[in-house]
Amino acid sequence: MNILLTGSTSGFGRSIVETLAKKGHQVFATMRAVGGKNAGVARELEEWSQSEGVDLEVVDLDVLDESSVNSAVQTILAKAGNIDVVINNAGIGSSGYLEGFTMEQARHIFDVNTLGPLRVNRAVLPHMRERKSGLLIHITSATGRLYIPGLNIYSGTKYALEALVESFSYELAPFGIDCVSIEPGGYPTDIAGNVTVAADTDRLAGYGEGTNPASDLYEYFGEKFSGPNVPDLKEIADGVSDLIDMPAGQRPLRVVIGDVGTDGLEELNEVTKKIQKKYLDSMGL
Ligand SMILES: NC(=O)c1ccc[n+]([C@@H]2O[C@H](COP(=O)([O-])OP(=O)(O)OC[C@H]3O[C@@H](n4cnc5c(N)ncnc54)[C@H](OP(=O)(O)O)[C@@H]3O)[C@@H](O)[C@H]2O)c1
């Protein structure tokens with residue numbers, strides 16, 4: 001399969017790239033700033049692909065920039081002829097009290113995490129609709145379904161992305177395009193270092209200097225990520241790979257992966273699925 005993945009530099013993205021390339025897929029590992037801050041990691045991936053003899057190409061794509069997204073998709077289509085799978089993985093975290101984010105910061109986090117996947121999907125969908133096939137995978141989050149105090153704006157971006165994914169799943173089914181959310185629990189990636197930190201110090205002063213609404217969660221993650229059973233990022237890559245292998249039209253809307261911070265989530269998804277159906281039936285929709 002020809003696969004476009006966003007955010008290939010680290011964490012889940014890097015692990016997904018390596019897993020899928022080793023499985024024989026043609027992977028277009030996209031990342032922003034290939035000629036700038038990510039030049040080193042791009043080179044590393046290319047060298048790795050040569051030494052492994054796998055089909056991998058690095059392509060520049062910044063999910064914030066529509067022309068960058070469109071040009072990456074056109075580059076891939078020109079090279080590969082088609083795109084079978086898109087994996088919307090790029091994302092950033094947030095840290096601080098909700099009121100403490102400036103409006104500019106709030107827009108930025110939604111822009112990366114929610115509008116980024118929309119931009120990428122919009123760029124590829126005319127092509128997938130024409131072929132009447134495709135798979136759109138989105139790395140959302142357990143906290144896009146169940147709320148964890150302190151994750152405020154990050155959680156908001158993922159709840160919103162979940163709604164977009166569900167919406168696409170209805171609208172794209174007639175075109176034979178599957179649309180799926182992967183909802184990971186907590187994993188030790190670089191995301192904790194890639195957070196937008198609330199910057200409105202006047203607002204933050206009222207909450208107590210140096211405090212953070214997610215401090216209990218950080219402590220919980222700290223324990224989970226330092227013991228003998230540290231979650232393995234590969235679980236997400238394997239989950240993506242399993243979805244790709246499933247027959248079209250039979251993939252689930254939501255997949256929960258991980259043990260940290262996912263208690264009850266599968267149950268919630270099962271119940272929601274039933275209620276959602278009942279809800280639509282009740283309106284004859
Ligand atoms: N780790 C967890 O516990 C967890 C749990 C649930 C969901 N997730 C989700 O999993 C996804 C991957 O995160 P991760 O945990 O693997 O963290 P990560 O290692 O920080 O990876 C984030 C990736 O997103 C990329 N990115 C950020 N802004 C971008 C932009 N404007 N354009 C293109 N790429 C951009 C980063 O690229 P740069 O190197 O250029 O910054 C990086 O490759 C995210 O959507 C995150 O919300 C993570």
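Any read-out appearing in this document is the output of simple, stated calculations on the displayed coordinates, not a laboratory observation. Since the structure is predicted, the reported quantities are computational estimates derived from the model, not experimental observations. All Cβ positions, glycine included, derive from the backbone under ideal geometry; neighbour counts span all protein chains shown.
At-a-glance table
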item: Where the Cα pairs of the chain fall when distances are cut into 5 Å bins, in %; result: 1, 5, 12, 16, 18, 17, 14, 9, 5, 2, 1, 0
item: Sites Arg203 and Leu64 - FRET efficiency at Förster radius 30 Å, r taken between beta-carbons, to 0.05; result: 0.75
item: Distance between segment 236-285 and segment 146-225 - C-alpha centres, whole angstrom; result: 18 Å
item: Least to most buried among Arg43, Arg32, Arg119 (fewest other Cβ within 10 Å first); result: Arg43, Arg32, Arg119
item: Cα-centred dipole magnitude for the chain, charges only on beta-carbon of K, R (+1) and D, E (-1), debye, nearest 20; result: 820 debye
item: Cα-Cα over 20 Å, subset of Lys23/Lys132; Lys23/Lys234; Lys37/Lys234; result: Lys23/Lys132; Lys37/Lys234
item: Among Leu151, Leu64, Leu204, residue whose mean-square fluctuation peaks in a GNM of the chain (springs only between Cα atoms under 10 Å); result: Leu204
item: Net length gained if the chain between Val230 and Ala78 were fully extended (0.36 nm per residue, minus Cα distance); result: 50.6 nm
item: Full-stretch length increase - Glu171, Gln50 - with 0.36 nm per residue and alpha-carbon distance subtracted; result: 39.6 nm
item: Sorted by Cβ density within 10 Å, fewest first, the residues Leu253, Leu161; result: Leu253, Leu161
item: Distance (nanometres) between label positions extended 7 Å along Cα→Cβ at Ala163 and Asp216; result: 2.7 nm
item: Exposure proxy order (Cβ contacts within 10 Å, fewest to most) of His25, His138; result: His25, His138
item: Cβ-Cβ FRET estimate between Val195 and Asp245, R0 fixed at 25 Å, reported to 0.05; result: 0.15
item: Gain in span if fully extended, Glu104 to Glu266, counting 0.36 nm per residue against the direct Cα distance; result: 54.9 nm
item: Whole-Å distance, taken between Cα centres, linking segment 16-51 and segment 68-90; result: 14 Å
